[in-house]
Structures are given as C-alpha cells and as structure tokens.
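Have a look at the structure below before the remarks.
The values are calculated or read from the model by the stated rules, or taken from the named source; none is laboratory data. Because the structure is a prediction, the values reported are computed rather than measured. Here the Cβ is made from the backbone with ideal geometry for all residues, glycine too, and neighbour counts use every protein chain on show.
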Amino acid sequence: MINGMKAEVSANPLKLAIIDDCKTIRLVTSKNMESFGWQVKSFQSDFGVVIKLKDFNPDIILVDVEMPRLNGKGLARALRKSYCLPDTPTYFYSSLDPQELEKQVHLSGLDGFFSKKTSYQQLNTALRWRLTFA
C-alpha cells in the first residue's frame, strides 16, 4: 500500500523507460513507479540509448528535456526516426515551465509532457490512462 493506495501489480507489468541525466531522478522515479506495478528501466542520456531502448521494448517512455550529452529534443528526433520505436508513446518529463514544455513538445513531435512536480500517483494514473485511451 502506498499513500493509502493499493499498488497495481500484474503478471505482465507495463514497461516504462526513464531517460534522465540525473541519477537521483532516475532512481527515485523508478522505485516509485515500480511500487505501482511498472517494470521500469532507467537510462542515462547517451548516444546508445536508442539501441538499449529497443532491447527493453518499453510501452511508454519519459525523457528529460535538458541533458548534457544527448538532449531530449535530439533524442526525441532519434526515437521518431528509429525503425524500432517510432510509435512508442514518448513524453517529456521535466521541471521546465509548462509553456516551454508545450513548445518543446510541438517542435519535437512527442506525445506530450509531464512535470517532475507531478505526484507519482498522478503520473501512474496518467500514464496508464494514456496507454489505454489515447
């Protein structure tokens, strides 16, 4: 039980990929989303991440916008051009201002964004809803 909410656990958990240059964000977000029944794999931003993502085959991807090696915008373009993951729902996950995030989503062709200020419970619910109904 997490914050009074029962975690959703399944025999076939949904797969969530988190790409962020901050180790703390990757660790904390992974642990929290795993508590809701997700199978999570986190990645540091680097140029081999698309191949690593292909091997994991996530149901949905969260990408930080501002990363030093391969920023979120460049990674978004690589994912959309990739033959292996072009249709995987991909969202920016950032602490940037929502107006700036909306602009970056429009420029990158991603599916939307989530603020890092969003509670993990809300993030879990929103991701599951988008996989089911979007």
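Specify the residue that is farthest from residue 126 (Cα to Cα); the eligible residues are those in the range 16-63 that are at pLDDT 95 or above, surrounded by fewer than 21 Cβ atoms within 10 Å (Cβ to Cβ) and polar (S, T, N, Q). Applying the filter and picking the extreme gives 24. Counting only strands (runs of 3 or more DSSP E) that fall entirely inside the range 25-134 and contain at least 3 residues that are over 18 Å from residue 13 (Cβ atoms), the qualifying elements are 90-94, 112-115.
Name every residue in the range 67-91 that is in contact with a strand residue (DSSP E or B) (Cβ under 7 Å, 6 or more places away or on another chain) and surrounded by fewer than 20 Cβ atoms within 10 Å (Cβ to Cβ), in order of residue number. Across the range 67-91, the qualifying residues are 88, 89.
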